[in-house]
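J.: Dumping the structure here so I can ask a few things about it.
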Amino acid sequence: MKNPKDKNDRNAHSKLFAPSSSSRWRVCPASAVIGAYGEVIEQPPHPNTLRGTLCHNACEDVLRGSLTKVADAIGRTLDGQKMDKILAEEGQGYVDYVRQYMKQDPDAILFIEVRLMFSVLIGAEAGEAFGAGDAIVVMPNLSKIAVIDLKTGKHAVKAEGNSQLLFYGAGALSWFGMFWSFDTVEMIIYQRRPSAWEVSREYVQDFINGVRPAVRRIKQAERIFIDTGTLPAGYYTPSNTACQWCRVFTCPHKSKEARKA
């Protein structure tokens, strides 16, 4: 199990509306509510997840200036995983990409590990829906803002159509749009190489509008579950995207056998 005192763990996640699991909760209200309040399959963090956290933290330290290069973090540990040369090379590639990307605009401004709030945008309660943008690049001369997300997993993730990035883009537009005017948002996943997707601010707004009905249904399910400790079957919505990573211990649509920690 994760050691909450490990100094190399800096992650915080939204309970009901985490952007990284949005492909699940947008489809199945029960997975969001029971995942937050009920019995779920408890699994220790995967070693690759821990390695990804180490890499994120080292890259953050380099971009903030407390380390000269990612390799300086070699030897750091997190729950038994160690920052090594291969991981440092991946992280340095990301750092170099961010720095090169900023050269598009001589007045570009970089923000690191920004808490992006989108609660009010989707109709949730204040402080209830948020994520962390690894790198946000404001480019005032181009009327563009970029959200760059570092991923280190083995399974390729693409930027186009990625709902996690759209939530980040919405949060970035909402906050930084108070200070600058943006026409476009570029969302980039850096996973040993960049995958980029640029959309208009109107596209992001349409996405957010489309999410609100799912949020209303989750909040409705939340009230029922808190009052009764159970949910009617209609709140369970099976699908390939919703069920693949779901941790709900008992579900009428899918048998799950796992030991609860």
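Computed from the coordinates by the stated procedures, all read-outs in this text should not be read as laboratory data. Please read all numbers here as calculations on a predicted model, not as lab measurements. Here the Cβ positions follow ideal geometry from the backbone for every residue, glycine too, while neighbour counts run over all protein chains shown.
J.: Where the centroid of each part is defined by its Cα atoms, how far is the stretch 206-252 from the stretch 98-128 in Å?
T.: The distance from the Cα centre of the stretch 206-252 to that of the stretch 98-128 comes to 28 Å.
J.: May I pose another question? Restricting to the chain, what percent of DSSP beta bridges are antiparallel, rounded to 5?
T.: Values: 24 of 31 bridges.
Expressed as a percentage, antiparallel bridges in the chain total about 75.
J.: Just going by the charge dipole of the chain, with Lys and Arg at +1 and Asp and Glu at -1 on Cβ, which of Tyr101, Pro252, Gln205 is farthest out on the positive end?
T.: Pro252
J.: Assuming 0.36 nm per residue, please report the length gained on full extension of the stretch Met178 to Ser20 beyond their Cα-Cα distance.
T.: 54.3 nm
J.: Distance in nm between label sites at Lys82 and His253, each 7 Å beyond Cα in the beta-carbon direction?
T.: My value for the distance between the label points is 4.4 nm.
J.: On average, how much area does the Cα convex hull of the chain cover when viewed from any direction, in nm²?
T.: Approximately 14.3 nm², given one-decimal rounding.
J.: Run the helix sum for the chain: -39,500 (n - 2.57) per DSSP H stretch of 4+ residues, divided by residue count, reported at 222 nm to the nearest 500 deg cm²/dmol.
T.: Computed mean residue ellipticity for the chain: -11500 deg cm²/dmol.
J.: His46 to Phe207: extension gain in nm, 0.36 nm per residue of separation minus the Cα-Cα distance? The partial results should precede the final answer.
T.: On the way: separation 161, 0.36 × 161 = 57.96 nm, distance 3.11 nm.
Gain on stretching His46 to Phe207: 54.9 nm.
J.: Give me the count of lysine pairs in the stretch 94-227 whose alpha carbons sit under 24 angstrom apart, restricted to pairs 8 or more positions apart or on different chains.
T.: Eligible lysine pairs with Cα atoms under 24 Å apart amount to 4.
J.: Now for a different question. Enumerate the calculated ³J(HN,Hα) couplings along the stretch 178-189 in order (Karplus 6.51 cos²θ - 1.76 cosθ + 1.60, θ = phi - 60°), each rounded to whole Hz, writing x wherever the residue is Gly or Pro.
T.: Values per residue, Gly and Pro as x: 6, 10, 9, 9, 10, 9, 9, 10, 9, 10, 10, 9 Hz.
J.: Pop the C-beta distance of Arg216 and Glu160 into the FRET formula with R0 = 45 Å and round what comes out to the nearest 0.05.
T.: The calculated FRET efficiency here is 0.95.
J.: Between Leu142 and Glu125, what is the label-to-label distance in nm when each label sits 7 Å out along the Cα-to-Cβ direction?
T.: For Leu142 paired with Glu125, the spin-label model returns 4.0 nm.
J.: Still on this structure: Points 7 angstrom from Cα along the Cβ direction at Gln104 and Asn240: gap in nanometres?
T.: Simple spin-label model gives 3.1 nm for this pair.
J.: Related question: Once phi is turned into θ = phi - 60°, what whole-Hz ³J(HN,Hα) does the Karplus curve with 6.51, -1.76 and 1.60 give for every residue of the stretch 148-153, x standing for Gly and Pro?
T.: Coupling constants for the stretch 148-153: 10, 10, 8, 10, 10, x Hz.
J.: How high is the relative contact order of the chain? Use alpha-carbon pairs under 8 Å, at least six apart in sequence, and give a whole percent.
T.: It rounds to 25 percent for the chain.
J.: Hey, can you rank 66-75, 44-53, 220-229 by average C-beta count inside 10 Å, highest first? If you can, show how the numbers build up before the last one.
T.: On the way: 66-75: 15.2, 44-53: 16.9, 220-229: 13.5.
So the peptides 66-75, 44-53, 220-229, ranked by packing, come out 44-53, 66-75, 220-229.
J.: Let me ask you something else. Dipole size in debye (nearest 20) for the chain around its Cα centre, Lys and Arg Cβ +1, Asp and Glu Cβ -1?
T.: It works out to roughly 740 debye.
J.: Please report Rg over Rh for the stretch 168-261, where both radii come from the alpha carbon positions and Rh follows the Kirkwood definition.
T.: Rounded to two decimals, Rg over Rh is 1.10.
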